[in-house]
Structure formats: C-alpha cells, structure tokens
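Notes follow the structure.
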Amino acid sequence: MNFPGRLYRRLAQAFPHEFKMSFGDEMLLAGEEATRRLARQRGIAGFFLLLSDIAMRLPVEYFAEIRQDMRYAVRALLKSPAFALVGIASMGLGIGLTTDIYSSGWSMLMRTIPGTVNPSRLVTPDAPVSYPYIEQFHEQKKLFAGVAAVENGVQFNIGVPGRSRTKPERVLGQIVSPDYFSVLGVVAARGRVLSLELDKPGNAPVVVISDRFWRSRLNTDPDIIGQSIRVNGQLATIVGITPRKFDGALSLNPAELFVPTTVPASLAPELRNDVVLSSVARDFLALIRLQPDVTSEQAEAALDGITRRLDKNDPTARPQTDHGKRVVLLGAGTRVPLPRQARTMVTGFYGALMAIVMAIACLNLATMLLARCANRRKELAIRLGVGASRFRLIRQMITEGILLSLIGGAAGFALAYCLWVLNLQVRQPAGTPPLPDLAVDWRAAIFAFGLSVVCGIGFSLVPAFQSTKTDVAPALKEGAALQLSGYNRFGFRNLAIGAQVAGALMLLLVTGFLVLGVLNGSNIHTRFNQNTMGFLSVDPVRDGYTPEQSHHFFDRLPERLRDSGRIPFFAFAAQPPFLSSDDDGIPIVADSSHVQQSLVRETVGAGYFSTLSESLVAGREFEEKDDRDPSGPSLTPLILNQKAARAFFADGNAIGERLHDQKRTYKVVGVVPDTRDAGGMSHPLAFLPLTERDFLRPPAGGITIIARSNSAVDALNAVREAVSSLDPNLTPFNVQTLSEYLDLSRYAMRSALRTFGGIGFFALLLSAIGLSGVTAYSVAQRRKEIGIRMVLGASKAQVLRLVLREGVALVAAGSLVGFLGATVVARILASLTTAFGDAFAVGTDDPRLLIGAPLLLAGMALLACYLPAHNATKLNPLQAFRQE
C-alpha cells in the first residue's frame, strides 16, 4: 500500500468506535476508491483535500458521541434522583467552600492590585526607610523604572462639602510621593492623578480620592473634580478619582485618600519637622518598579549596597559589623506584600486546605459511585455483549461524573456567591476599617469550572475502570448483584473511605486546635468589669490646632476631668489598651548584663496602670512629672513587663537598672505583670511616658483618653463634656467601651476562625456521607451472603453487627491515622510562626477537642453506617436468591 493509502487508514482508525462499527468497512472501501479517483483527477492536491475533509469530520463525530454520552448521563442521573441530589449537594458544598476560600483567602493575598500595569515588576523593601534613602534609590535608573514613597495607615479628618453642620469624618489614607501613581501605572477614572510636574512644594494642596470614597461619602457627585474639602482642618482641592476597586498599594486596609508629600505640614502633621529631608525618620515604604531586564536578586544586592553606604551617616542605623542582609525585597504587586518564602508557605497552606477539602469530596463521590455501580453490572454486561468497547463505557461513566460535578460546580459557585452576599450583610462593629473588595468574580467562576471538570474526572476514573472489568457471561447469568473480583476488605473503596475519615478528623482537629487556641488565648481577663471602662481619642492638630494650642488643650484637660467628679480613674495613652501589635519591636540593650532584646513600645501617661487596676510587681508607675520631656543628662523612665524584665535580668531586680537604644538611655522604674493583647499574643513590652512632644504632635491615632467609672457610658459622657467644655468643635473619635473595643479587635480574627470551623464541620459531614455510601456498597455486594445467613437463622441483630463491623473498623483506623496526622500538622504549623505556636499550645491541651472530636466523628460515622445496615436487616432472602 502506498503512503496516501496508509495515511488515510490511520485517520479512519482514529474515528470513534461506534462510528467504525457502523460505517468502518464502507468508509475504508469508499476511501480507497476515492483516493485513486482523486489521484487521477487532481493529483496530490485532491488527496490532501480528501484528508482535510476527514480531519474536519473527526472532531464532529467525537462531539456527536460526547453529546450522546451527555444525554445518556442526564437520563441515568434522572433515574437515580437520590444519588444525583446527594452527589450534587456534596460537590456543591465542596466546590462552594473551596471557591469561597479561593476568593476570600487566596485572592486577598495573591490577587494583583487592580488598575496597575505589569504588577509582577513591583517590589518593596521589607522595612521602612527615610525619604532621602528613597530619593537615592530613585537615582538608580539602570535598575529601577521608578521609585515612590508611601506612608500607610494615615488617619485624616475630612470635612465633606455640603455638610458644614456635621463634624469631620475620620478616614484612612496614604501620604505618597507625587510619582506614586506613575510607578504603579494607575490612571485616573476621573480628573488626574498626582504627578511630579504638577504637584510641587509650595503649590496649593491637592488630593486624590478613591472610587470607594467618591461613592460612599460624596454620593458619586459628577462635579466633584476641582471642589475643595477640608483635610485636617485645611482646604485641599480634589484633582482626581482612582479607578474602581483600587484601594492603594502596600496595605491590606483600603486607602480612601491620597495626599502628596508636597503638602504643608499643617495639612499632614506626619510631615512636620522636615520629615522628607530627615535621614533619621524611617516613616516611608519604598515602592519600586524594576526595569524589564532586572531580577529581584540583582535589585536586592544593589539596594543592600546603597543602604549600607547611606547607613554610615545615620546614627540610628545598625552597626556596620552586621554582615546580614539589610534589604529583603517583597513582591508589591499584590494586595499584601509577602516575602518569597512566606508566599510559598501561604500558597502551600491554602493549596493544601483546598486540596484536602476537594479530596474528601471526591473520595466521597467515588465511594458512592462504587455503590451505584454494583446495581449497574447487568447494564454494563449487556452493553459489552452487544459490542460496546470498554473505553466507550469508561468514557460514558466519566461523562456522567463530569456532568454531576459541573452541576455541583454551578451549585457551589452559587453557594460561594451567597456566602459573599451574606458576609456583606453582616454588620461590622463600629470603627472597623472598610473591607477590601473581594467579590466572587469571573476568576472565581473559572476556578469553579476548572475544579468541576478536574474533580469530575478524578472521582469517576477509578470506579469506571473497576466497574467495567465485567465478565459478560457470568454477569448476564447472575444478575445485577454480581460478586466482582472477590470481596476485598482492603480494596479501593475501603482505603478511600479510611483516607476520607482520616482527612476529616485531621481537618476537624487542626481547625479546632486553631479556633479554640486563638479564642481561649485572646480572652482578656481584667480585675474590673469591662463594661465600666471606655475610651475615646482626640487629635487637636488634625482638627486644625497649632502644636502650641494642642499642648495647651492637653495641659488643661486633666483638671476638667477631675472637676467633673464622675471619673474616679482616667489616663492618657498613645494607643488603646490591649492593642494588638505587628511591630517587631526596637532593640534595647541592658547596661549591666549587655543583653539585647527587641521590645514592643507602648506610650502611656500617669495613672495608666491604676486605671487598668493593675498592681505593679515592683517599683512605681509613671507620675505627672514624668510627662515632661526629658532634656540634657536626665534619664527617661521606663516600665517593663515581666517577660521583658526576665529577658534582661533573669530573676534579678530590674528596678534602677539602665537600658539604652541608639537614641536614649532609660532607667527602669517599675515592673508590671504580663498581659495578652486582643489577638492573644504576649510580647515583651516597654512602657514609655507620654511627653510634651506627644502632645505637640499626636500620633496617627490621636491621644486616647481612658476612663473608668460605674458605667462605661457615664464615663464616656463625662469625657465628652470635658472635651466640649474646652472646645465644642473638637471631634472625638473611636468612642467605644472596652468590651466593644475587644470585640472589634477580634472581629476579623473570629470571622476567619468561623470559616476554619466550618471547614472542619464540612469535612465531618462529607465523611458521614461517604461512610453511608461505602456501607451501602458493601450491602449491595453481599446481598447473597446476607440472604444465606438469614435463611440459616441469623437474627437481625447479627446481620446488623455484620454490616456495622466493617464501618467500625474503617472509623477506628481512619481516626487513628487522622489523629496522628493532626498532631504532625499542628507541630509543623506551630513551628512556622509564634501566633500559630501560641494558639496550638493552648488548643492541643483542650480535652473537649481531643476527646470530643473523635467521639463526634465516630458518632456521625456510625449513624451513617447504621442506616444502610438497618436496611440490610429488612432484606427478603427469597427475593435475594431470585435476583441472583
């Protein structure tokens, strides 16, 4: 045979099996004749015309058969509505929960910043630097296409146009260099963005607002561009609105206002004392766009060298004897900058979480398909007997699995969307920062569709191969309940359900360890009723005061609070008590022991610990004389908590000891007990006194006034009246009781914990469904055996024990493996971060979980096994033999 003929036969053999059975011989004969005729008439061109026609017909025939398979799959599922509904519900729950995890967790950390150009080229150093450093980075044109400065989490008092009678609103924003938007590649949706050419020092102040701010606070006013708003009491012109969903870079909390570094310090107090000229004030993050041919490693090495050179002239920098990396670059193109190692860890964590959830769902459906296939033996044998190929049957069963999974995927996407809508409807505690936009969008839809197809193939592949190993003659003789290839207690079905039980218990325990550990660890125990304490913040400077006026206000306020007679305990602080801190601390060295320890700083005023009803372990607390700004040779008084004192002096006396950092020398005047913050963490703390500098230039969150009385509401009303008596136009903010504040602080954490708890419960539910399916499969395979036992006199209780015995063994084996796996996973996670370590240390000691979780799983699993086992006791032996 010549080459054209052989090529034609190869193409003909590629057609579907059913097509070849009906038309194969005619196609070969007609094709050989057509090949010879076309060769005579048109030569080689005619032959290739024939081949192209066959090649185009090939996918059409396959599509026709797939469409036929799909119609048959629909009919098969309609014939088994109970199986279809359970399967759709299982896959819907699995895909819905996984899609929700993808949208709310994975995407929040990994999704690129909307509106940016080529976000993969954006990086940022892992630590803030001073503005002059960023200007030096900007000079490296061969390495960087652009460098911008960003100060995150800045709070602004905003006076909205047309609302002159209302007090200013407090919003989060960013102070950025004018080239911030050009480095990101973001263009304005309306107006213009900031630019180096138009926004220079000395020009009239301008700001850019976010689309969120425009819609929520300005009612989408189409004429807002060019209008003025009051920012910290100063007028500024709105020149642009950012694209929708753009909430700023390098920050998880959405920014609603973007203020350039060129505005005067009266508008942005963070720019006082010539911060943009100071190499000591490390207040800015550097946002860097790499040149196309520059790698992160090259940029990191260059920045490390530049930083070391600049640090030689910076007295606050680390000693030059330090040979470690001074600059580590993080990817800045996503919502949350993560180190490369942390990105791998987060990716692995979320990937493993989603994989385990879907593995449990797929194993569940696989065991149910095995149970269903036991009743389709005769059907499969007949189809094999009339000429269907095994590949054809496998394809048919996989098509059914994909159809079931696609319907489940649609249900899952709808579930994820409903969860997102419900989450939007949940009322957030007052003062909670606005949530980032994490809508279930087209990415999540594509994710759910792809997951549906992969899982549809995954859970149907093994049952399809196993159920098509049917010997035709015995199957037709013995009927649907044929004993296939030996009843194997250690076959795929039992291994699958054992793995499912192990995975469910592992997820239940790990999520339970985390949930209980964090909840128990984050409980704040106070010596007073938390409903008797409240606090609020004031920030005269951001309300338009001069520094001198601000200092005068705080100088008179204590007297007004005492004169009210309604507040027996009050104190000032730079932050609310029990504040969760993500600060790594500042390195401080003890003069006597030369021990260096990083301490988290809290700045508090006189009477702070008395207000919190905390008795000191040793020494004294701050007094009003400590509030004066130390000058000359004076030592700054310092109070340590016990964890910090032990780190420096072991069990020795810390009172009177001296410590120093690179700026100041301290004298320890007191030691206080350790406390946990609202996140459940316990840090080594150093308490510094509030000074005149803090009153002249309050921190970003203002000065917090903490008050305790018989009722928090009464205390807050008294504070409001005292503030109003000094200036009725001053705006108190963050007004809340201690209990409200703690609920607010734990809101995001507890929302995440509810999700993890739901994952554990979901795994438990799926395991119960899977056990029910595998037990039903076992009963279907052993109908003849059960009938014989009942004829020979076996009681219903004996039959029940016979069927339940296998389920009990699977639950016991899976529980043992799951318990060991949860222990290993908990230790691995605990070694990754201190937060996980503290949570697991508390959670793994909780007997409610260690004993209750296995018992709960065993109870639900045995209940799932009992239902098909109970049906087995109703089996009519004569009917079973007649069917056999």
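The values are calculated or read from the model by the stated rules, or taken from the named source; none is laboratory data. Here the structure is a predicted model, which is why all the values come from computation and not from measurement. Virtual Cβ from ideal backbone geometry, glycine too; neighbours counted across all protein chains shown. These accessible areas exclude ligands, DNA and RNA; they are computed on the full protein's heavy atoms, side chains included. Shrake-Rupley method; radii C 1.70, N 1.55, O 1.52, S 1.80 Å.
Considering the range 229-253 alone, what residues qualify as being aliphatic (A, V, I, L, M) and open to solvent by 10 Å² or more (accessible area, probe 1.4 Å)?
Narrowing the range 229-253 to residues aliphatic (A, V, I, L, M): 229, 231, 235-236, 238-239, 241, 249-250, 252.
Result: Leu235, Val239, Leu250, Leu252.
Pairs, please: C-beta under 6 Å, at least 6 apart or cross-chain, first residue assigned to a loop (DSSP other than H, G, I, E, B) and in the range 108-127, second among the basic types (Lys, Arg)?
Within 6 Å, the pairs are Pro114/Lys245.
Here are some residues: Val193, Val208. Which one is surrounded by 12 or more Cβ atoms within 10 Å (Cβ to Cβ), assigned to a strand (DSSP E or B) and either of a type in the set (Asp, Glu) or at pLDDT 95 or above (or both)?
Val208
It is to be established whether one or more residues within the range 632-645 are modelled with pLDDT of 85 or more and open to solvent by 40 Å² or more (accessible area, probe 1.4 Å).
Yes: one or more hits.
Might you check whether a residue that is open to solvent by 40 Å² or more (accessible area, probe 1.4 Å) and within 30 Å of Glu270 (Cα to Cα) occurs anywhere in the range 89-98? Working first, answer last.
Step one: of the range 89-98, the residues open to solvent by 40 Å² or more (accessible area, probe 1.4 Å) are 89, 93.
Adding the requirement that they be within 30 Å of Glu270 (Cα to Cα) leaves none.
Within the range 89-98, not a single residue is open to solvent by 40 Å² or more (accessible area, probe 1.4 Å) and within 30 Å of Glu270 (Cα to Cα).
Of all the residues that make up the range 264-290, how many are among the aliphatic types (A, V, I, L, M), part of a loop (DSSP other than H, G, I, E, B) and either over 36 Å from the mean Cα position of the chain (by Cα) or not assigned by TED's automatic domain parsing to the domain that holds Glu151 (or both)?
Number of matching residues: 1.
How many residues are of a type outside the set (A, V, I, L, M, F, W, C) and buried (at least 20 other Cβ atoms within 10 Å of the Cβ) if we restrict to the range 680-730?
Qualifying residue count, the range 680-730: 10.
Sort through Leu744, Leu753, Leu820 and tell me the only one that's assigned to a helix (DSSP H, G or I), out of contact with any Gly (no Cβ under 6 Å at 6 or more places or on another chain) and either of a type in the set (Lys, Arg) or modelled with pLDDT of 70 or more (or both).
Going through Leu744, Leu753, Leu820 in turn, the sole match is Leu820.
For Gln879, all conditions in the list (1) farther than 26 Å from Val501 by Cβ; (2) modelled with pLDDT of 70 or more hold save one; what is the number of the exception?
For Gln879, the exception is condition (2).
Could you figure out which of (1) open to solvent by less than 50 Å² (accessible area, probe 1.4 Å); (2) among the basic types (Lys, Arg); (3) farther than 30 Å from Phe761 by Cα isn't true of Lys142?
Every condition holds for Lys142 apart from (1).
I need a count of the residues in the range 69-92 that are farther than 8 Å from Gly408 by Cα and under 38 Å from the mean Cα position of the chain (by Cα).
Residues meeting the conditions: 10.
Determine the pairs where a residue that is among the hydroxyl-bearing types (Ser, Thr, Tyr), located within the range 673-697, has a partner that is open to solvent by 40 Å² or more (accessible area, probe 1.4 Å) with Cβ atoms under 6 Å apart, the partner being 6 or more residues away or on another chain.
Within 6 Å, the pairs are Ser682/Asp674; Ser682/Arg676; Thr691/Asp629.
Return the pair list, or none, for Cβ contacts closer than 9 Å from residues in the range 81-106 that are under 14 Å from Phe447 (Cα atoms) and charged (D, E, K, R) to residues that are modelled with pLDDT of 80 or more and open to solvent by 30 Å² or more (accessible area, probe 1.4 Å), at least 6 apart or on different chains.
From the range 81-106, the pairs are Asp100/Leu415.
Search the range 230-251 for residues that are on the phi > 0 side of the Ramachandran plot and pair each with any residue that is among the polar types (S, T, N, Q) and surrounded by fewer than 20 Cβ atoms within 10 Å (Cβ to Cβ) when their beta-carbon atoms are under 9 Å apart and the residues are at least 6 apart or on different chains.
Here the result reads Asn232/Ser266; Gly233/Ser266, each pair linking the range 230-251 to a residue that is among the polar types (S, T, N, Q) and surrounded by fewer than 20 Cβ atoms within 10 Å (Cβ to Cβ).
Consider only pairs whose beta carbons are under 9 Å apart and that are at least six residues apart or on different chains; among these, list those whose first residue lies in the range 184-206 and is over 22 Å from Leu122 (Cβ atoms) and whose second residue is open to solvent by less than 60 Å² (accessible area, probe 1.4 Å) and among the acidic types (Asp, Glu).
Listed by first residue and then by second, the contacts come to Arg190/Asp211; Val206/Asp199.
Can you go through Ala678, Ala700, Ala718, Ala707 and tell me which one is farther than 25 Å from Gly173 by Cβ and within 37 Å of the chain's Cα centre (by Cα)?
On the way: Ala678 fails: farther than 25 Å from Gly173 by Cβ; Ala700 fails: farther than 25 Å from Gly173 by Cβ; Ala718 fails: within 37 Å of the chain's Cα centre (by Cα).
Every option except Ala707 fails the conditions.
To keep it simple, each residue is scored yes or no on (1) more than 21 Å from Ser709 (Cα to Cα); (2) of a type in the set (D, E, K, R); (3) more than 36 Å from the chain's Cα centre (by Cα); (4) at pLDDT below 90.
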{"residue": "Glu559", "(1), (2), (3), (4)": "no, yes, yes, no"}
{"residue": "Phe569", "(1), (2), (3), (4)": "no, no, yes, no"}
{"residue": "Ser581", "(1), (2), (3), (4)": "yes, no, no, yes"}
{"residue": "Gly585", "(1), (2), (3), (4)": "yes, no, no, yes"}
{"residue": "Val600", "(1), (2), (3), (4)": "yes, no, no, yes"}
{"residue": "Val604", "(1), (2), (3), (4)": "no, no, no, no"}
{"residue": "Ala618", "(1), (2), (3), (4)": "yes, no, yes, no"}
